[in-house]
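No value in this document is a laboratory result; all are computed from the given coordinates. Note that the coordinates shown come from a computational prediction; the quantities given were computed from them, not determined experimentally. No Cβ is skipped: glycine too gets one built from the backbone with ideal geometry, and neighbour counts run over all protein chains shown.
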Amino acid sequence: MKAKDRFMPSREVKVFLQLIEKQFGAVPKEFKELALAKAKDRVYAVTRDVDRIDLDRVRINSLGIYVAEVKDGVLRLSIEGSQLVGPVAKKNVAEVDSDQVRAWFKGEDILVSGLFDGFVIVKYGDDFVGSGRFSDGKIVNFVPKARRLLEMH
């Protein structure tokens with residue numbers, strides 16, 4: 001696949017933005033200003049200045065910052081994606097306390113109270129720390145193993 005073929009066509013971008021709007025009630029302006037690229041099910045946000053580079057002449061693993069995964073019409077935000085969407089989100093944001101956020105960073109599922117639907121953004125204080133799937137009163141953790149806190153003895 002050539003680098004230029006990785007950019008999402010406008011109809012795909014529109015569907016992606018509609019998924020964000022439906023799940024979180026708002027779309028951050030950054031997603032409207034940046035170019036979006038896709039590799040498999042992952043969506044990356046890329047500065048439009050990337051057009052200045054002849055991408056066919058360089059070897060690239062991925063373009064931009066990983067912001068979400070879209071699989072079978074279901075949107076799951078990455079940690080960075082939750083940090084972009086969180087400040088404008090109007091729904092499906094679960095606020096957690098210090099014990100819950102500590103468990104979250106260890107990769108544990110966390111119990112929460114509230115009415116949520118599908119994937120939620122996890123918020124601690126003013127920080128958006130990721131997203132997980134809400135089910136049966138808990139948020140299922142998707143923090144990658146490489147980004148989890150290790151228990152210090």
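The figures follow:
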quantity: For the chain, size of Cβ-based charge dipole, Lys and Arg +1, Asp and Glu -1, in debye; calculated: 600
quantity: Debye intensity ratio I(q)/I(0), log10, region 88-153, q values 0.19, 0.23, 0.24, 0.29 Å⁻¹ (C-alpha model); calculated: -0.66, -0.95, -1.03, -1.42
quantity: For V93, distant residues with modelled amide H under 5 Å away; calculated: I121
quantity: Amide H within-cut-off set for G107, under 5 Å, with H built and near neighbours excluded; calculated: L149
quantity: Amide H within-cut-off set for A26, under 5 Å, with H built and near neighbours excluded; calculated: K90
quantity: Cβ-based net charge around L111, under 15 Å, with every Lys or Arg adding one and every Asp or Glu removing one; calculated: -2
quantity: Note, ³J(HN,Hα) from phi for region 11-19, Karplus 6.51, -1.76, 1.60, rounded to Hz, x at Gly and Pro; calculated: 5, 6, 4, 4, 5, 4, 5, 5, 4
quantity: Spacing of the two label points (7 Å from each Cα toward its C-beta) at D41 and S135, in nm; calculated: 1.3
quantity: Percentage relative contact order, region 3-147, counting C-alpha pairs under 8 Å, at least six apart; calculated: 20
quantity: R0 of 22 Å, Cβ-Cβ distance E95-E30: FRET efficiency to nearest 0.05; calculated: 0.45
quantity: J(HN,Hα) series, region 131-140, from Karplus relation 6.51 cos²θ - 1.76 cosθ + 1.60, nearest Hz, glycine and proline x; calculated: 9, x, 8, 7, 7, 6, x, 9, 9, 6
